[in-house]
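Working notes, structure below.
The values are calculated or read from the model by the stated rules, or taken from the named source; none is laboratory data. Remember, it's a predicted structure, so these values are computed and weren't measured experimentally. Reconstructed Cβ throughout: ideal geometry from the backbone, glycine too, with neighbour counts over all protein chains shown. With ligands, DNA and RNA removed, areas are computed over all heavy atoms of the protein, side chains included. Shrake-Rupley method; radii C 1.70, N 1.55, O 1.52, S 1.80 Å.
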Amino acid sequence: MYLQPGEKKTVELKLDCDALSIWNRKMQFAPEESKVELYVEESGSKVWNGELKITK
């Protein structure tokens with residue numbers, strides 16, 4: 001999908017629990033409280049970035 005200059009679209013990103021999980025110190029695969037940086041790039045140039053906060 002391409003956008004024209006100045007055009008805006010809403011994008012929905014669906015992530016399940018496994019996509020946000022890591023192996024923790026208890027050797028459990030689970031999400032941990034953290035902040036995740038999200039980036040959208042086109043041809044190596046940053047178009048957008050944001051932050052996702054994971055809480056319990």
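If you scan the stretch 39-49, which residues turn out to be outside any loop (DSSP other than H, G, I, E, B), open to solvent by less than 90 Å² (accessible area, probe 1.4 Å) and out of contact with any Phe, Trp or Tyr (no Cβ under 8 Å at 6 or more places or on another chain)? Let's see the steps before the verdict.
First pass over the stretch 39-49, keeping only residues outside any loop (DSSP other than H, G, I, E, B): 39-42, 45-49.
Next, only the ones that are open to solvent by less than 90 Å² (accessible area, probe 1.4 Å) stay: 40, 45, 49.
Correct list: Ser45 only.
Say we look at the stretch 1-36 and pick out the residues that are assigned to a strand (DSSP E or B) and of a type in the set (A, V, I, L, M); which of these is most open to solvent (accessible area, probe 1.4 Å)? Quick ask: steps written out before the conclusion?
To start, the set of residues in the stretch 1-36 that are assigned to a strand (DSSP E or B) comprises 21-23, 29-31, 34-36.
Next, from what is left, pick out any that are of a type in the set (A, V, I, L, M): 22, 30, 36.
Values: Ile22: 90, Ala30: 28, Val36: 46 Å².
Selected residue: Ile22.
So, of the residues in the stretch 20-48 that are of a type in the set (Val, Ile, Thr) and under 13 Å from the mean Cα position of the chain (by Cα), which turns out to be modelled with the lowest pLDDT?
Here is the first cut: in the stretch 20-48, the residues of a type in the set (Val, Ile, Thr) are 22, 36, 40, 47.
Subset that is under 13 Å from the mean Cα position of the chain (by Cα): 36, 40.
Details: Val36: 90, Val40: 85.
My answer is Val40.
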